[in-house]
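Participant: What follows is a single structure, and I will ask about it in a moment.
What follows is calculated from the coordinates using simple rules that are stated; it is not laboratory data. Remember, predicted model here, so these are calculated numbers, not experimental data.
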Amino acid sequence: DCPGIVFASGQQADVALRNATRVEQLSDPIAPIESILKRCRREQLQQLYAIPKFTTANEFLVQIAKKRGKLKKGGVPDYDAAARTVLQDWNAGKIKYY
């Protein structure tokens, strides 16, 4: 039986992917996105978010920001808001990883 404690040994990205910290409290929500992209197939993410092909984490976040309306003034993508959206989907189980 686990009391629900996850000891944070390592990077903040790993702790965020284990849902051991609140997504809103992350100082850098983009680093865990890079870890997600290493673990999951890109085709799976393209299908889930209905976005075109991408090669980098920044391209992925730009497409998520545009798709979800996470834009700043002037239409500039809000990378942090898009990353937090993806992390919430990861923690909720919407992004399947085996």
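Participant: Amide H of Leu71 versus every other amide H placed in the peptide plane: which residues, excluding those fewer than 5 positions away on the same chain, fall under 5 Å?
Facilitator: So Leu71 has HN proximity to Asp78.
Participant: Within the set Lys38/Lys73; Lys38/Lys94; Lys73/Lys94, which residue pairs have Cα atoms separated by over 25 Å?
Facilitator: As for pairs spanning more than 25 Å Cα to Cα, those are Lys38/Lys73; Lys73/Lys94.
Participant: Convert each backbone phi in segment 34-50 into a coupling constant with the Karplus relation 6.51 cos²θ - 1.76 cosθ + 1.60 (shift: θ = phi - 60°), then list the ³J(HN,Hα) values in order as whole Hz, x for Gly and Pro.
Facilitator: My calculation for segment 34-50 gives 4, 5, 5, 5, 6, 8, 9, 6, 5, 4, 4, 5, 4, 5, 4, 9, 6 Hz in order.
Participant: Give, to the nearest whole percent, the P(r) tail of segment 45-98 beyond 13 angstrom, counting all Cα pairs.
Facilitator: 58
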